[in-house]
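The values are calculated or read from the model by the stated rules, or taken from the named source; none is laboratory data. Note that the structure is a prediction, hence the values are computed from the model and not measured. Cβ placement follows ideal geometry from the backbone for every residue including glycine, while neighbour counts extend to all protein chains displayed.
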Amino acid sequence: MRYTKPALTFEQQIELLENRGLQFPDKDKAAHYLSNISYYRLSAYMLPLKIQGQERFQDGVVFDDVLQLYIFDREFRLLIFDVVEKLEVAFRTQMSYHHSQTSGPYWFEDRNHFRDADFWRKHLEGIDTEVDRAKEVFKDHFFGKYDEHERMPIWMTSEVLSLGLLSKIYRSLAMSKEKRDIARHFGIGHPLVLESWMQSITYVRNICAHHSRLWNRVLTLKPNYMERPAKLWITNKPDNDKVYYFVCCLFYMIRAIDPNTIFNDQLHELLGRYPKIDLAAMGFPKDWDSEPFWK
């Protein structure tokens with residue numbers, strides 16, 4: 001099938017939406033926003049406001065309803081990304097610390113630390129590729145001074161690796177005290193759970209970094225359930241492909257490394273400012289905030 005839809009002016013976009021039942025109390029304001037937030041990007045936030053299975057909007061929906069949903073999602077992503085950044089820095093630190101204490105700064109070059117030789121070789125290639133791309137001053141300084149080395153020590157290397165590669169390296173590590181200690185740092189008893197959670201964190205981090213819709217997304221890379229938590233945890237078992245369970249995982253980990261975190265307060269405040277948001281679409285159960293976990 002050939003794509004035949006024409007490009008529309010901002011005014012034509014408004015007219016199209018108006019014909020589908022969306023109300024525009026202020027068309028100049030709407031044209032301004034459409035000139036800065038593309039129609040296609042906003043269309044993802046229109047879907048929940050339409051009659052199911054139709055292009056037509058539900059009765060009474062105005063352009064501001066779409067805009068508020070978009071702005072909420074943006075603020076929600078920024079809140080999530082702030083926590084992810086702190087966890088990412090902590091994860092880099094843990095990955096560079098434990099094995100280097102027992103096996104030196106170049107432990108990642110030793111195949112014996114990995115479950116599989118193919119994974120080990122693949123990750124070394126990935127490390128070399130990402131280090132080559134890095135533009136950090138400390139990289140140039142290191143190789144300029146220590147010309148006998150092909151690679152930097154892990155505490156430098158880990159700073160230029162993508163979180164995606166770093167989480168894959170953790171997943172490929174052989175089971176060991178060091179691997180368990182990294183998981184325990186985040187209050188997680190079994191490394192398999194941390195493997196899954198870091199994979200999901202990387203996935204959501206990239207969603208946030210690319211300004212994509214997050215609030216009601218069904219997560220492709222969903223975090224595993226934690227059966228034996230070391231710290232206070234949720235008592236219910238929500239869908240782990242919805243955002244709510246991911247947020248629970250995030251809060252659990254950040255509270256493990258920062259007991260004074262205000263993430264829960266920030267989340268409550270954000271949701272309080274947007275009372276029209278459909279929390280069920282995010283996977284939030286009724287009375288979710290009555291859980292001791294969220295106190």
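Any residue in region 101-118 that is over 11 Å from Ala174 (Cα atoms) and in the same structural domain as Met152 (by TED's automatic domain parsing) sitting within a Cβ distance under 7 Å of a residue that is of a type in the set (S, T, N, Q) and modelled with pLDDT of 95 or more? List the pairs, counting only those 6 or more apart or interchain.
Partner pairs satisfying both residue conditions: Trp107/Ser100; Asp110/Ser103.
Can you report the number of residues in region 1-58 which are in a loop (DSSP other than H, G, I, E, B) and either more than 31 Å from the chain's Cα centre (by Cα) or not acidic (Asp, Glu) (or both)?
To start, the set of residues in region 1-58 that are in a loop (DSSP other than H, G, I, E, B) comprises 1-9, 20-22, 24-26, 37-38, 51-56, 58.
Within this subset, residues satisfying the condition of being either more than 31 Å from the chain's Cα centre (by Cα) or not acidic (Asp, Glu) (or both) are 1-9, 20-22, 24-26, 37-38, 51-54, 56, 58.
Going through region 1-58 one residue at a time, the tally reaches 23.
Given the conditions (1) in contact with a helix residue (DSSP H, G or I) (Cβ under 7 Å, 6 or more places away or on another chain); (2) part of a loop (DSSP other than H, G, I, E, B); (3) surrounded by fewer than 19 Cβ atoms within 10 Å (Cβ to Cβ), report the number of the one that Arg228 does not fulfil.
(1)
Does Arg205 meet the test of being assigned by TED's automatic domain parsing to the domain that holds Val84, of a type in the set (Lys, Arg) and surrounded by fewer than 19 Cβ atoms within 10 Å (Cβ to Cβ)?
Working: assigned by TED's automatic domain parsing to the domain that holds Val84: yes; of a type in the set (Lys, Arg): yes; surrounded by fewer than 19 Cβ atoms within 10 Å (Cβ to Cβ): no.
It is false that Arg205 is assigned by TED's automatic domain parsing to the domain that holds Val84, of a type in the set (Lys, Arg) and surrounded by fewer than 19 Cβ atoms within 10 Å (Cβ to Cβ).
Ala44 fails exactly one of the following numbered conditions: (1) outside the structural domain of Phe246 (by TED's automatic domain parsing); (2) free of Cβ contacts under 8 Å to residues at least 40 places away in the same chain; (3) of a type in the set (Gly, Ala, Ser). What is the number of that condition?
Of the numbered conditions (1) outside the structural domain of Phe246 (by TED's automatic domain parsing); (2) free of Cβ contacts under 8 Å to residues at least 40 places away in the same chain; (3) of a type in the set (Gly, Ala, Ser), the odd one out for Ala44 is (2).
Please specify each residue of region 191-220 satisfying the condition of being more than 18 Å from Ala256 (Cβ to Cβ) and among the aromatic types (Phe, Trp, Tyr).
Tyr203, Trp215
Thr235 versus (1) exposed (fewer than 12 other Cβ atoms within 10 Å of the Cβ); (2) without any contact (Cβ under 8 Å) to a residue 24 or more places away in the chain: which is the lone unmet condition?
(2)
Could you count how many residues in region 251-295 are in a helix (DSSP H, G or I) and not acidic (Asp, Glu)? Can you show your working first?
Restricting attention to region 251-295, the residues satisfying the condition of being in a helix (DSSP H, G or I) are 251-257, 263-273, 279-282, 288-290, 292-294.
Retained after the next criterion (residues that are not acidic (Asp, Glu)): 251-257, 263-264, 266-268, 270-273, 279-282, 288, 290, 292-294.
Residues flagged as in a helix (DSSP H, G or I) and not acidic (Asp, Glu) within region 251-295 amount to 25.
On the given criteria, is Val84 over 24 Å from Ile169 (Cβ atoms) and either in the same structural domain as Pro153 (by TED's automatic domain parsing) or not small (Gly, Ala, Ser) (or both)? Spell out how you get there, then give the answer.
On the way: over 24 Å from Ile169 (Cβ atoms): no; either in the same structural domain as Pro153 (by TED's automatic domain parsing) or not small (Gly, Ala, Ser) (or both): yes.
For Val84, the condition - over 24 Å from Ile169 (Cβ atoms) and either in the same structural domain as Pro153 (by TED's automatic domain parsing) or not small (Gly, Ala, Ser) (or both) - is not met.
Any idea how many residues of region 141-174 are over 24 Å from the mean Cα position of the chain (by Cα) and either touching a residue at least 40 places away in the same chain (Cβ under 8 Å) or not assigned by TED's automatic domain parsing to the domain that holds His113 (or both)?
Going through region 141-174 one residue at a time, the tally reaches 4.
Does region 1-21 hold any residues that are in contact with a Lys or Arg (Cβ under 7 Å, 6 or more places away or on another chain) and of a type in the set (Lys, Arg), and which are they?
Residue satisfying the conditions is Arg20 alone.
Among the residues of region 205-225, which ones are assigned to a loop (DSSP other than H, G, I, E, B) and not polar (S, T, N, Q)?
The initial filter retains those residues of region 205-225 that are assigned to a loop (DSSP other than H, G, I, E, B), namely 210-225.
Matches in region 205-225: His210, His211, Arg213, Leu214, Trp215, Arg217, Val218, Leu219, Leu221, Lys222, Pro223, Tyr225.
Could you please let me know if Cys208 is under 22 Å from Arg184 (Cα atoms) and touching a helix residue (DSSP H, G or I) at 6+ places or on another chain (Cβ under 7 Å)? Spell out the reasoning first.
Numbers: under 22 Å from Arg184 (Cα atoms): no; touching a helix residue (DSSP H, G or I) at 6+ places or on another chain (Cβ under 7 Å): yes.
Spelling it out, it is not the case that Cys208 is under 22 Å from Arg184 (Cα atoms) and touching a helix residue (DSSP H, G or I) at 6+ places or on another chain (Cβ under 7 Å).
Pick out the one residue from Lys122, Lys168 that is crowded, with 19+ Cβ neighbours inside 10 Å and within 30 Å of Asn224 (Cα to Cα). Break it down into steps so the answer makes sense when it comes.
Details: Lys122 fails: crowded, with 19+ Cβ neighbours inside 10 Å.
When all the criteria are applied, what remains is Lys168.
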